[in-house]
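Enquirer: There's a structure below that I have some questions on.
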Amino acid sequence: MSGLPILSLMLAIPAVAAIFCLYLEARPARVVALAATLVDLALGIALWANFDIGGAQWQFVERADLFGRFQWALGVDGVAMMLIVLSTFLMPLCILASWESIKQRVGLYMAMFLIMEVIMIGVFAAQDLLLFYIFFEGVLIPMYLIIGIWGGQNRIYASFKFFLYTLLGSVLMLLAMIAMIREAGTTEIPLLMNYDFPPEMQTWLWLAFFASMAVKMPMWPVHTWLPDAHVQAPTAGSMILAGVLLKMGSYGFLRFMMPMFPDASAQFMWLVFALSMVAVVYTSLVALVQSDMKKLIAYSSVAHMAIVTAGLYAFNQQGIEGALIVMLSHGVVSAALFFCVGVIYDRLHTREISRYGGLAVNMPAYSLFFMLFTMASIGLPGTSGFVGEFLSLAGIYEASSWTAFVCTTGIILGAAYMLYLYRRIVFGELTKDDVKAMPDITPREWAIFVPLAAVALWMGVYPESFLAPMRGDVTTVVARLAPAKPEGDAGLTAGKPEAAAPHGEAHHAGGVQ
Amino acid sequence: MTGDLALIWPELILTIGGLVTLMLGAFAGDRRVGLYQLAALLTLAAAAAAVVALFGTDASVFSGTLAVDGFGGFAKLIIYGASLICVAVAPRYFGEAMRAEYSALILFAALGMGIMASSRDLMTLYVGLELNSLASYVLASFLRGDDRSSEAGLKYFVLGALASGILLFGISLLYGFSGTTDFAGVATAMGSGIDIGLLFGIVFVIAGLAFKISAVPFHMWTPDVYEGAPTPVTTFFASAPKVAAMALLTRVLIDAMGASGPALAAWQQIIIFLSLASIILGAVGAIGQKNIKRLLAYSSINNVGFMLIGLAAGTQQGVEAVLTYLLVYVVTTIGAFLFVMQLRDADGRMVENIPAYAGLSKRQPGLAAAMAVFLFSLAAIPPLFGFWPKYLVFEAAVNAGLVPLAVAGVVVSVIGAFYYIAIVKTMFFDDEAESAIRNDGTRLEGAVIAASALWLSLIGFLFIPMLAVAAQSAASVLF
């Protein structure tokens, strides 16, 4: 709004703090990192508060012609703004989550997280195609180091797999970007979103982008890097990976593939639906048989993201809005679930589900929070999960009944694996001595759980706060897709409300709606 | 004639400087290391200043055999800059073995490379190339007492002589079938159709030059020579001569064979083959390497392949991309080799074995971070600046319609990324190695490493507008 370049500031603060952290001892590094992320959170909230709902599509626009061939162009619409707020919200919690569990090379660790924050905000705020790519790819380096240095037993394998998988997808997207820049003659994302690429070209461009975004999402069958990366990453790494990095893929779908290649999107709707259906059911089944907590939640992430892709490709208001809420909700809930795992992992140093049991007795507060997030993951009404899943399934149903049917089955399976997990960890007899000795959550852990729980409930009870800024953008995308949109098989027809009876109060109650 | 002499000041300065250094060596003895070093540094700086002073000139001298233009100027600046650093860092490495000839040979090599980059005649081309090569053979075996160094020199000489023969044979064919050694004349002859003689000429000339840039299948010497040669010399081989040979190849392809017409189709497919073969072999060959110098040799083969993608486009945009690539590549390579020169084990020997770098980031955090920047930059991972030239070559290829080549290139670049991040893994993820590695670099070397790492991290992006103007004015003289 004002002359303050708030987005650049949000990028600069963690970047500068990261440089400081590199030179600091453990304790000051933690404090600096926390302070920087909290300042960024304040700026993020200011961004949200000052966002003019119903105003211009792109707000807080900044432009500086620094690089000749492309620009330092930042700006957000409602969707990007909400995702930035999500990133800034999760970041201080991640720093707090690693307050005690990270003991080695703390300065470098904090610096990597702050760089991650810069990159995440940059990805969502970039308004230039090449700037976006630089941020989008840049995430590889800090994440590679986070998994590789502070990860678990098998961290080397996981970090390589993460790096090479995502890189392979992205380089193809780079070629597509080159072709787009050549065709449209601009690198500006807002202009490209309204540029009509020739349909046959769209097909190739879509496939190239799909290669990248499907890996980032991740969609079945290229999801296999995710369980490895999650299991090996430190708790905060998993939180940020599930919370924000996976959203980059779905953000790419919404920002690039759908508005820029509407014809190809319609053409490949079946592919997205098919892969989403497989993902929802298959990964839910895989999650059921996991014996490793983190792996289970990782597979549940794949299932949730599949509902996002299906919702987005429903091409209607409800579906896309629902997908966006699932994205935000999953960002909060999966981060919270990974933290739930982290809490007990810090105490017992194992992720084996069977090593736990009966936590409800000695960790009641923990069990309560874990319960809340389990329910939110399942999609119980009143929690954030319900709103998103209901909306997106309603949207999917309008486009394809079968997809909606299969995805709903997946949600039932989701309830199964989450409740099963909860039962095995929290309920049952408290027999093991080392488990008995585990203390309940500390004030620091309270400080992490409470905001997460509050947001999960807020999103479930009054989702309008989150939906309102994004609604206009969804309408724009839906309008952009309208010419290419295939006929849905739900065969919805507009209702024929009976005309209100011209007189007579007796008929007043009937048929009018 | 005297007017021509005024336009070749850089070459004159280098000639005189090289001769003076030799004389100093003969009369002042080998102990006065600082003196020769200073003479060479001053000469190179003066030559670079002369190049800058000649900017904007576009002329042919000595009956059109040598060009004085922006293209040559761009290449020469990089060459002289790289040579300067290679002179500056040498004394610490060689210690007692440092002699006056080192500085003089670098000067003569730089002179030859300058001539390569600005030749417009097949004969000047050959003279420049041989001047550079002969100096290089001696440099490779500079540590006379060291078996590996002598072996490297001999290997380089034998294979280099073979390549020169091939090149000369190609030149003779081109001359025989076009009737001239002048680039423009050859281009005219090619414009009216390519007969079998000219075609063979093209193939042999490209093969000879491919040896110099170490493109596959003429790369066999590279790992051995890089490994065996003293590290400052390897730094030199990996940087300056690459620039000269690539500039020369560009000039021959665009100027002497033509960027349009029948010749383009003839050389384009050769370049595409060389490019793909280099990228793939460079990426795959590096995976099993345990010696960092060998690995960087394969990395240079791989990078040459990417440069050739830009060249294969045959457009001005492609040439601009190659020039930008060369600059960024030289900065990265010098940084990486300087890193190699920093580390010594407890006995004072160079540490070239990659597993010995385990846990280096704990002992030498700054140095390890700089090397990580170089490696990620070589793998072209944004936000590091190594991404930008790769983007440019792919852009040039896509715009020239070479989409399959670009697709193959990016996919193989992922294989390449594997071995770069494997070194990062060794330095950052592995537990510390038992033997203590110490860093006994000078402040100057540290400064060069830090500056190149900084430039490659983010600051480089701010230079894009400047680089684009420079590369564009340099490339435009060929079109």
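The values are calculated or read from the model by the stated rules, or taken from the named source; none is laboratory data. Everything numeric here is computed off the predicted structure, so don't read it as measured data. Positions of Cβ are generated from backbone atoms using ideal geometry, with glycine treated the same way; all protein chains shown enter the neighbour counts.
Enquirer: Given the structure, is B:Val322 crowded, with 24+ Cβ neighbours inside 10 Å, part of a helix (DSSP H, G or I) and of a type in the set (A, V, I, L, M, F, W, C)?
Expert: yes
Enquirer: Another one. I need a count of the residues in the stretch B:433-458 that are assigned to a helix (DSSP H, G or I), more than 11 Å from chain A (Cβ to nearest Cβ) and touching a Phe, Trp or Tyr at 6+ places or on another chain (Cβ under 8 Å).
Expert: Selection size over the stretch B:433-458: 5.
Enquirer: Hey, another quick one. What's the number of the only condition in (1) under 28 Å from A:Arg63 (Cβ atoms); (2) of a type in the set (Asp, Glu); (3) surrounded by fewer than 18 Cβ atoms within 10 Å (Cβ to Cβ) that A:Glu25 fails to meet?
Expert: (1)
Enquirer: So which pairs qualify, if the first residue must be in the stretch A:192-209 and among the aliphatic types (A, V, I, L, M), the second must be part of a loop (DSSP other than H, G, I, E, B), the Cβ gap must be under 7 Å, and the two must be at least 6 apart or on different chains?
Expert: A:Leu192/A:Thr186; A:Leu205/A:Phe197; A:Leu205/A:Phe261
Enquirer: Going through the stretch A:28-52 one residue at a time, which ones are acidic (Asp, Glu) and crowded, with 20+ Cβ neighbours inside 10 Å?
Expert: Selection gives A:Asp40 alone.
Enquirer: Kindly check whether there is at least one residue in the stretch B:93-100 that is modelled with pLDDT of 90 or more, surrounded by 21 or more Cβ atoms within 10 Å (Cβ to Cβ) and closer than 30 Å to B:Ser149 by Cβ.
Expert: no
Enquirer: Taking the stated definitions as given, is B:Phe418 more than 23 Å from the chain's Cα centre (by Cα), surrounded by fewer than 23 Cβ atoms within 10 Å (Cβ to Cβ) and either aromatic (Phe, Trp, Tyr) or within 7 Å of chain A (Cβ to nearest Cβ) (or both)?
Expert: It is true that B:Phe418 is more than 23 Å from the chain's Cα centre (by Cα), surrounded by fewer than 23 Cβ atoms within 10 Å (Cβ to Cβ) and either aromatic (Phe, Trp, Tyr) or within 7 Å of chain A (Cβ to nearest Cβ) (or both).
Enquirer: Of all the residues that make up the stretch B:358-411, how many are assigned to a helix (DSSP H, G or I) and either within 10 Å of another protein chain (Cβ to nearest Cβ) or without any contact (Cβ under 8 Å) to a residue 12 or more places away in the chain (or both)?
Expert: So the answer is 26.
Enquirer: Oh, and also: Going through the stretch A:43-70 one residue at a time, which ones are of a type outside the set (Lys, Arg), within 29 Å of B:Phe461 (Cβ to Cβ), more than 14 Å from chain B (Cβ to nearest Cβ) and not in a loop (DSSP other than H, G, I, E, B)?
Expert: Listed by number, the residues that qualify are A:Leu43, A:Gly44, A:Ala46, A:Leu47, A:Gln59, A:Phe60, A:Val61, A:Glu62.
Enquirer: What is the number of the single condition among (1) buried (at least 16 other Cβ atoms within 10 Å of the Cβ); (2) not in a helix (DSSP H, G or I) that A:Ser87 does not meet?
Expert: Condition (2) is where A:Ser87 drops out.
Enquirer: Select the helices (runs of 4 or more DSSP H) contained entirely in the stretch A:261-342, then report the ones holding at least 3 residues which are under 17 Å from the mean Cα position of the chain (by Cα).
Expert: A:269-288, A:293-312
Enquirer: Among the residues of the stretch A:142-165, how many are out of contact with any Asp or Glu (no Cβ under 8 Å at 6 or more places or on another chain) and more than 10 Å from every other protein chain (Cβ to nearest Cβ)?
Expert: The qualifying residues number 5.
Enquirer: Follow-up. Quick check, is B:Ala229 over 19 Å from B:Ala471 (Cβ atoms) and either touching a helix residue (DSSP H, G or I) at 6+ places or on another chain (Cβ under 8 Å) or surrounded by 24 or more Cβ atoms within 10 Å (Cβ to Cβ) (or both)?
Expert: Spelling it out, B:Ala229 is indeed over 19 Å from B:Ala471 (Cβ atoms) and either touching a helix residue (DSSP H, G or I) at 6+ places or on another chain (Cβ under 8 Å) or surrounded by 24 or more Cβ atoms within 10 Å (Cβ to Cβ) (or both).
Enquirer: Looking at B:Thr222, B:Thr188, B:Thr180, B:Thr235, which is the one that is assigned to a helix (DSSP H, G or I), over 27 Å from B:Ala283 (Cα atoms) and hydroxyl-bearing (Ser, Thr, Tyr)?
Expert: Going through B:Thr222, B:Thr188, B:Thr180, B:Thr235 in turn, the sole match is B:Thr188.
Enquirer: Any residue at all in the stretch A:84-93 that's touching a residue at least 60 places away in the same chain (Cβ under 8 Å), out of contact with any His (no Cβ under 8 Å at 6 or more places or on another chain) and within 11 Å of chain B (Cβ to nearest Cβ)?
Expert: Looking for residues that are touching a residue at least 60 places away in the same chain (Cβ under 8 Å), out of contact with any His (no Cβ under 8 Å at 6 or more places or on another chain) and within 11 Å of chain B (Cβ to nearest Cβ), one finds none in the stretch A:84-93, hence no.
Enquirer: When you go through A:Ala229, A:Ala279, A:Ala233, A:Ala242 one by one, which is the residue that is of a type outside the set (Lys, Arg), in contact with a Ser or Thr (Cβ under 7 Å, 6 or more places away or on another chain), in contact (Cβ under 8 Å) with a residue 24 or more places away in the chain and buried (at least 23 other Cβ atoms within 10 Å of the Cβ)?
Expert: A:Ala242
Enquirer: So for the stretch A:195-212 (the condition being in contact with a Ser or Thr (Cβ under 9 Å, 6 or more places away or on another chain), in a helix (DSSP H, G or I) and within 14 Å of another protein chain (Cβ to nearest Cβ)), does at least one residue qualify?
Expert: Taking every residue of the stretch A:195-212 in turn, at least one turns out to be in contact with a Ser or Thr (Cβ under 9 Å, 6 or more places away or on another chain), in a helix (DSSP H, G or I) and within 14 Å of another protein chain (Cβ to nearest Cβ).
Enquirer: Also, I was wondering about something else. Given (1) surrounded by fewer than 20 Cβ atoms within 10 Å (Cβ to Cβ); (2) modelled with pLDDT of 85 or more, where does A:Leu93 come up short, assuming only one miss?
Expert: For A:Leu93, the exception is condition (1).
Enquirer: Just wondering, is there one or more residues in the stretch A:125-141 that are in contact with a strand residue (DSSP E or B) (Cβ under 7 Å, 6 or more places away or on another chain) and facing chain B (nearest Cβ under 9 Å)?
Expert: yes
Enquirer: Any chance the stretch A:105-118 includes a residue that's more than 21 Å from the chain's Cα centre (by Cα), in a loop (DSSP other than H, G, I, E, B) and within 11 Å of chain B (Cβ to nearest Cβ)?
Expert: The answer is yes, given that some residue of the stretch A:105-118 is more than 21 Å from the chain's Cα centre (by Cα), in a loop (DSSP other than H, G, I, E, B) and within 11 Å of chain B (Cβ to nearest Cβ).
Enquirer: Report the residue count in the stretch B:310-319 for those that are in a helix (DSSP H, G or I) and crowded, with 24+ Cβ neighbours inside 10 Å.
Expert: 6
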